[in-house]
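Before any comments, here is the structure.
No value in this document is a laboratory result; all are computed from the given coordinates. Everything quoted here is computed from the prediction, not taken from an experiment. Because the Cβ atoms are built from the backbone with ideal geometry, glycine has one as well, and the counts that use them run over all protein chains shown.
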């Protein structure tokens with residue numbers, strides 16, 4: 001299925017343009033909600049054909065700045081390099097899956 005991958009400012013564009021679905025998680029080690037959502041994202045990577053790209057905003061500020069990320073966790077969903085949608089904050093797994101699946105199923109048409 002999918003995978004969880006640590007992504008830096010230097011590998012960001014390459015990762016989102018790899019093809020297919022990529023969910024970018026902007027996070028930081030000090031962020032409680034980021035820690036809470038991490039295992040959920042790992043589970044989703046096992047259940048869906050999607051790359052979960054984890055960007056540590058403390059070490060990699062460039063893309064978060066470009067996208068105007070103001071709070072974390074911030075989730076950015078890409079398909080074939082194109083930004084499809086984004087959400088801020090930690091969501092429970094059913095809500096995250098619903099959000100992802102809405103976009104993935106729309107891609108089938």
Under 18 Å by backbone N from the virtual spin label 7 Å along Cα-to-Cβ at residue 11, the residues of region 34-68 are 42, 45-46, 50-64
Contact order relative to length for region 1-73, counting C-alpha pairs under 8 Å separated by 6 or more residues, stands in percent at 50 percent
Exposure-ranked with fewest Cβ neighbours within 10 Å first, 30, 99, 21 stand as 30, 99, 21
For region 9-53, inverting the pair-averaged 1/r of distinct alpha-carbon atoms gives a Kirkwood value in Å of 11.5 Å
Residue 87 and residue 59 label points (each 7 Å along its Cα→Cβ direction) are spaced in nm at 2.7 nm
One finds the C-alpha centres of region 1-32 and region 54-109 to be spaced, in Å, by 9 Å
